C-alpha cells in the first residue's frame with residue numbers, strides 16, 4: 001500500500017502557479033536580443049531538439065521542485081500483515097466401547113459407529129487445540145495421547161472397535177484415566193468429554209471420587225448419555241449363528257452423569273439419536289472456543305530518497321546543459 005506520511009507538505013503545491021509566473025517573469029526580465037537589418041534576411045530556422053530543450057528548461061526546473069515537495073511528503077510503501085496469537089486448550093475424548101454400544105437405536109448404524117463419526121467431525125473443527133482419546137469398557141486406557149496431529153487421532157478413532165476390552169462399564173476408571181492423562185497439561189483450559197450408554201458396574205474407583213479429582217486439577221467434564229429412551233434393538237446370534245435383534249432396556253445413570261458434570265463445572269447431555277448427538281458436540285464446540293488475539297504489524301519502506309535523488313539529478317542535468325551544449329549568448 002502506498003501512503004504519504006507527511007502529506008501536509010503537499011500544500012506547497014499551491015505555490016506552483018506562483019513559481020511558474022516567477023520563472024516567466026525572470027525569463028522576460030533577462031531576455032536578450034540580437035538585432036538584424038531585416039528579418040527576411042534569415043530563413044525560418046527549423047526547430048531542433050536543442051531548441052526544444054532550451055525552451056523547456058524552466059519546466060524541467062519546476063518538475064525538480066515538484067519532486068522535492070513529494071520527497072518532503074515522505075512517500076512510503078506500507079506492507080501490513082496480521083499475526084494471530086492462539087492459546088489452545090486440551091480436550092480428552094473418553095469413549096465407551098462396552099457391548100451395549102452395539103445397540104441399533106441410532107439407525108442405520110450402532111451407537112459406537114455414529115459416535116465415532118460425530119466425534120471425527122468435531123475433531124475437524126478444532127484448529128490449535130490438543131485432543132486425545134481414551135476408550136473404556138470394564139477397564140480403560142489411552143488410545144491416543146493429547147496431540148495436534150488430528151489425522152493420527154482420527155485414525156485411532158476409526159480403528160476403535162467393540163470387543164477391544166473386556167465387557168462392562170467402568171465410569172470411575174475411565175474418568176480417573178482421563179484425569180491422569182490430562183492433569184499435567186500446561187493448557188489453561190482442560191476438558192474431558194465423557195460419552196457412555198450405561199451404568200457404572202466395574203472398576204475400583206468410584207466415579208464421584210474421580211470427579212472430585214478432576215475438580216481438584218481444574219478439569220471440566222462434559223458428560224453425554226447416548227441411547228433412546230425405553231428399549232433399543234440389540235444384536236444377538238441365535239443357535240444357528242444368525243444375527244437377530246432383541247429389544248433391551250436402555251439403562252443410563254443420568255443422575256450420576258449429572259453429578260459428575262456439576263462437580264467439575266461441566267454439563268450433562270442426553271443424545272437419543274444421531275441429530276441430537278451432533279447438536280451436543282456443536283454446542284460444546286461453540287462454547288469451548290479457543291481465544292484468538294490478532295496483532296497488526298507494518299513494514300515501511302521509505303521512498304523519499306528516490307524522489308530527492310531524482311530531483312537533484314534533474315537539477316544537475318539542467319545546470320550542466322545550461323553551461324555546456326545549451327549555453328546561450330552572454
- Message: I need a count of the residues in the stretch 206-230 that are at pLDDT 90 or above and over 18 Å from residue 115 (Cα atoms).
- Response: 15
- Query: Can you find a residue in the stretch 141-151 that is more than 17 Å from residue 120 (Cα to Cα), surrounded by fewer than 15 Cβ atoms within 10 Å (Cβ to Cβ) and in contact with a helix residue (DSSP H, G or I) (Cβ under 9 Å, 6 or more places away or on another chain)?
  - Reply: yes
- Message: If I filter the stretch 89-104 down to residues being surrounded by fewer than 22 Cβ atoms within 10 Å (Cβ to Cβ) and in a loop (DSSP other than H, G, I, E, B), which single residue comes out as modelled with the highest pLDDT?
- Response: 104
- Return yes when residue 235 is at pLDDT below 95, more than 22 Å from residue 111 (Cα to Cα) and not in a loop (DSSP other than H, G, I, E, B) and no when it is not. no
- Item | the stretch 253-266 - residue that is touching a residue at least 40 places away in the same chain (Cβ under 8 Å) and surrounded by fewer than 18 Cβ atoms within 10 Å (Cβ to Cβ) and, of those, nearest to the chain's Cα centre (by Cα) | 265
- Query: Looking at this structure, is residue 294 assigned to a strand (DSSP E or B) and at pLDDT 85 or above?
  - Reply: no
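The values are calculated or read from the model by the stated rules, or taken from the named source; none is laboratory data. Nothing here was measured: the structure is a model prediction, and the numbers come from that model. FYI the Cβ positions are ideal-geometry reconstructions off the backbone, even for glycines, and counts take in every protein chain you see.
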